[in-house]
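Okay, structure first, notes after.
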Amino acid sequence: MPASARELNLAGASVEVFADAATASRNAADRIASTIREASVTRGKAVLGLATGSTPIAIYARLVALHRSGELSFAQVRSYNLDEYYPIAPTDPNSYRAYMQKHLFDHVDIAPNHAHVLDGTVPEAFAASHAAEFDRWIEADGGLDLQLLGIGRNGHIGFNEPSDLSTEEAKALPTRLVSLHPVTTSDAAKDFGGEANVIPRALTVGIRPILAARSIVILALGANKAEAVAAALQGPITARVPASLLQTVPGKVAWLIDEAAAKQLV
Ligand code: PGA
């Protein structure tokens, strides 16, 4: 596993700062691979919470390479993706189901009924029960061994967007249907060919199941994440910055960031 250039301890989390994005991504992939190997042996399965977006692409490329070289099997893996646009067809190239198939699932030996992504095709009247069922699936699988996260420029994790909720209310948020924040819509515009085309709602795994994971690995790469990283790690615990809620589970969060994303830490 590649070592970080420097390591900090902030708000009870370990923060590893890497010289570049590629090294940070490789470290994240190697942590996931270790979790898969250990949990597969000790518990007979490894339960992962997976993320999408631009940040994890290199992580999945490394995991696929480890699988191709015979060093890693996904036969015991159960995965639960963080979010999905709503409504969206799984075949839509902008769907996170399509993303996961393209970057990971199509290239490894994970069983189709072990690779779960929230379903953007459920009838709206059943979206809440589908979301609640997703939480029950995670619990029935024994909870997440590792939750992989990115962070939005507005501090969101999954599509848990900034809000005026109390900290306690925010920490209790279950998996559910949400509306996207303007910053999220603006960042998604490039994928949808303009802001007006971005699907404005999504299903997201809630803060509660994220915080319940046995370990959390959060990646932030690039200067455009520096403000959110500093707010999450050194600002107050607040639902205005959902990633700051990770401060409430000290000891199980590893931040893997590059120098650019670290530059507003003081
Ligand atoms: P990104 O998204 O990896 O595309 O920057 C991260 C996020 O919004 O969680």
The number of residues in the stretch 50-67 that are open to solvent by 10 Å² or more (accessible area, probe 1.4 Å), more than 15 Å from ARG26 (Cβ to Cβ) and touching a Ser or Thr at 6+ places or on another chain (Cβ under 6 Å) is 0
Evaluate the stretch 205-218: report whether one residue or more is within 29 Å of PRO2 (Cα to Cα), among the basic types (Lys, Arg) and surrounded by fewer than 19 Cβ atoms within 10 Å (Cβ to Cβ). yes
Within the stretch 219-262, residues of a type outside the set (A, V, I, L, M, F, W, C), closer than 19 Å to GLU169 by Cβ and open to solvent by 10 Å² or more (accessible area, probe 1.4 Å) come out as GLY235, PRO236, THR238, ARG240, GLN247, THR248
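Report the residue count in the stretch 206-222 for those that are within 12 Å of the ligand (Cβ to nearest atom) and not in a strand (DSSP E or B).
Let us first name the residues in the stretch 206-222 that are within 12 Å of the ligand (Cβ to nearest atom), namely 210, 218-222.
Narrowing further to those that are not in a strand (DSSP E or B): 210, 221-222.
Looking only at that region, the number is 3.
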For the stretch 69-86, indicate whether the set of residues that are surrounded by fewer than 23 Cβ atoms within 10 Å (Cβ to Cβ), within 16 Å of the ligand (Cβ to nearest atom) and not acidic (Asp, Glu) is non-empty. no
Show the residue pairs that are 6+ apart or on different chains and have beta-carbon atoms under 6 Å apart, the first residue being within the stretch 26-53 and farther than 12 Å from LEU148 by Cα, the second being open to solvent by 20 Å² or more (accessible area, probe 1.4 Å) and within 16 Å of the ligand (Cβ to nearest atom). ARG26/ARG62
Being more than 16 Å from the chain's Cα centre (by Cα) and open to solvent by less than 10 Å² (accessible area, probe 1.4 Å) is the filter; apply it to the stretch 129-175 and report the residue that is nearest to the ligand (Cβ to nearest atom). ALA170
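The values are calculated or read from the model by the stated rules, or taken from the named source; none is laboratory data. This one's a predicted model, so the numbers in the text were calculated from it and none came from an experiment. Glycine also receives a Cβ, built like all others from the backbone with ideal geometry; neighbour counts cover every protein chain displayed. SASA here: full protein model, heavy atoms, side chains in, ligands and nucleic acids out. Shrake-Rupley method; radii C 1.70, N 1.55, O 1.52, S 1.80 Å.
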